[in-house]
1. Exactly one condition in (1) touching a strand residue (DSSP E or B) at 6+ places or on another chain (Cβ under 8 Å); (2) surrounded by 12 or more Cβ atoms within 10 Å (Cβ to Cβ); (3) among the aliphatic types (A, V, I, L, M) is not met by Ala38; state its number.
2. Does Phe21 fit the bill of being over 19 Å from the mean Cα position of the chain (by Cα), surrounded by 12 or more Cβ atoms within 10 Å (Cβ to Cβ) and either modelled with pLDDT under 95 or on the phi < 0 side of the Ramachandran plot (or both)?
Amino acid sequence: MKLRDTVNEYIAYKRGLGMRFNTDARSLLAFCRTMGTATSLQRIPESKIESFLSGTGSPTLARNRKHYTLLGFNRFVVGRGYSTSLSLPTIPPTKTRTFVPYVLSREELRRLLQAIPQASRQSIASTVHLAGSPAPPIRCWPPDQRSHFPQPS
């Protein structure tokens, strides 16, 4: 069976399940363009799949997404009996983490709050529970006002 026909069938299947499947569909259609429109499922070399996955530059989350999209497509292909398996790389891609959290010290937090005007500082303090400050008081409603709220059944 041709790759493009199988990809279109897989996209229709996923959308038939109620998924939007837009990003993965674009990735699979790009895979078809990379492999060639008339390519048979049995004639996809592992080297071309790896070059599609790696793209240019260092590994990214887009590579991970493409890899897992192709894994789902591979399960579909094998489950339907269209092919024994695609030649996907056996080593899953590694996730790169670029975000490094920064925790403010008490001195930095104090200077930051001093830079904010007094009126804004009061509204921030009333809505945000800052680390290291005491917990806001728990409000108890008077018995005569409790009837205005729905009671658990």
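1. (2)
2. No; evaluated as a whole, the condition is false for this residue.
The values are calculated or read from the model by the stated rules, or taken from the named source; none is laboratory data. Bear in mind that the values here come from a model prediction, so they are computed numbers and not experimental data. Glycine gets a Cβ as well: all are built from the backbone with ideal geometry, and neighbour counts include every protein chain shown.
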